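Worksheet: one structure, shown below.
The values are calculated or read from the model by the stated rules, or taken from the named source; none is laboratory data. Small disclaimer: the values here were computed from a predicted structure and weren't measured. Heads up, the Cβs are rebuilt from the backbone with ideal geometry, glycines too, and the neighbour counts pull from every protein chain shown. Keep in mind that these areas ignore ligands, DNA and RNA; they rest on the heavy atoms of the full protein, side chains included. Shrake-Rupley method; radii C 1.70, N 1.55, O 1.52, S 1.80 Å.
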Amino acid sequence: MNDLDPLSAFAALLTDQGRALLDEVRETEPAQELAVATRLRREYPVGLVSAALGQARLRQRAVVKFGAADAGRMYFTPHGVEQSTRASVAAYRARRFQEFGVRSVADLCCGIGGDAIALARAGIRVLAVDRDPLTAAVARANADALGLGELIEVREADVTEVATAAYDGVFVDPARRGGRGRVFDPEAYSPPLSWAVRAALEAPVAALKIAPGIPHETVPAEAGAEWISDSGDVKEAVLWFGTGEAGSVRATLLPGPRTLVGRGLPDPQVRPLGRYLYEPDGAVIRAHLVAEVAEELDGGGLIDETIAYVTADSLKTTPYATVYEITDQLPFGVKKLKALLRERGVGVLTVKKRGSAVEPEELRRKVKPQGPNSATVFLTRVKGAPTMLLGHPAPV
């Protein structure tokens, strides 16, 4: 066992000896690995020790996506941790499948099984398919580890050769990374987006997970498009088929969920900077629904026709944007900002930018904020002019 291939090394972790070793290295910190490995190699095979320590590192990384309880029982690959869906997002999507009456789903390109787990926990029977032998083995182990083996069948196969007619729904999560990194062309996905769309159109209900940066003009006419963020971070876009939402656009914010549905509004007018600045959630911006946010406000408009900041004179709470009270507006200039921050006693400075080439850390080094107060500076454009806006989160 000193030189195991990845699949054999993973199989060794599923033995009683492997599980015992995983329990022993569970809390190992990176700085302790060398000493722990040296000690354990006196008792366990070298290959098994390396596999267990590697798995412990992956479990620690996975906590942010799956939570400590699940991550501590699940198994991962480096690619699987990177590409898997955050549990909160997968659970939301599974609830939508459930609401559409779906009771069985073919999960194509299932990866390590994160989406299959969420679907099964929603009471949906799942066929989880992946062509990579190690990935399929990890997905199968995860279904068993979480007590979902009766609801999840894992199959090692090419998804383009799997019949899905027996299932109420289809979910496809094409690989968006290649040998040279992230893939931006949807036809370079594996499988290509065009194949995934054809598979979706053959199913009663289907969802395709895609990169949030997909151009709106490439969304099929038969699909509804949904952009999803979690705690302010945009996580994915989903194309829904068979749900009666063809042509719709929506932004969903988690936790919540809170969903903003597009109404086809024209772009907001540019207006003078008001007392308040609204920063729409990233999912709202990706979904091109800034106009819907501006319409909720009294006299809301853009500060610049190319910048997704909305301004208004009055304060109004909206779940789809973070609101700041603006105290100062000045032309871009490091010396001017440094003097203003010194005058205000600002030592904690949050730097946000939109439409500016200046890097936040570079600006922070130059102005050297000092003092007991905090502030937020926006590096942006107002009616085309490079501008700095100073303010703070509004009390809402």
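A few points about this structure:
- Evaluating residue 48 against the criteria (1) hydrophobic (A, V, I, L, M, F, W, C); (2) in contact (Cβ under 8 Å) with a residue 24 or more places away in the chain; (3) under 21 Å from residue 209 (Cβ atoms) leaves one unmet condition, (3).
- Restricted to region 268-281, and to residues there that are open to solvent by less than 20 Å² (accessible area, probe 1.4 Å), of a type outside the set (Phe, Trp, Tyr) and not in a loop (DSSP other than H, G, I, E, B), the residue that is farthest from residue 386 (Cα to Cα) is 280.
- Of everything listed in (1) crowded, with 17+ Cβ neighbours inside 10 Å; (2) free of Cβ contacts under 8 Å to residues at least 60 places away in the same chain; (3) not small (Gly, Ala, Ser), the single unmet condition for residue 150 is (1).
- The condition of being open to solvent by 40 Å² or more (accessible area, probe 1.4 Å) and among the aromatic types (Phe, Trp, Tyr) holds for only one of 76, 100, that being 100.
- Checking each residue in region 306-361 for being β-branched (Val, Ile, Thr), touching a strand residue (DSSP E or B) at 6+ places or on another chain (Cβ under 9 Å) and over 20 Å from residue 372 (Cα atoms) picks out 306, 307, 310, 311, 317, 318, 322, 323, 358.
- Any hit, region 30-39, residues being in contact (Cβ under 8 Å) with a residue 40 or more places away in the chain and part of a helix (DSSP H, G or I): no
- Within region 213-269, the residues that satisfy the criterion of being charged (D, E, K, R) and touching a residue at least 24 places away in the same chain (Cβ under 8 Å) are 222, 226, 230, 233, 235, 236, 250, 258, 263, 267.
- Any hit, region 93-106, residues being of a type in the set (Gly, Ala, Ser) and in contact with a helix residue (DSSP H, G or I) (Cβ under 7 Å, 6 or more places away or on another chain): yes
- Lone unmet requirement of (1) more than 26 Å from the chain's Cα centre (by Cα); (2) part of a helix (DSSP H, G or I) for residue 59: (1)
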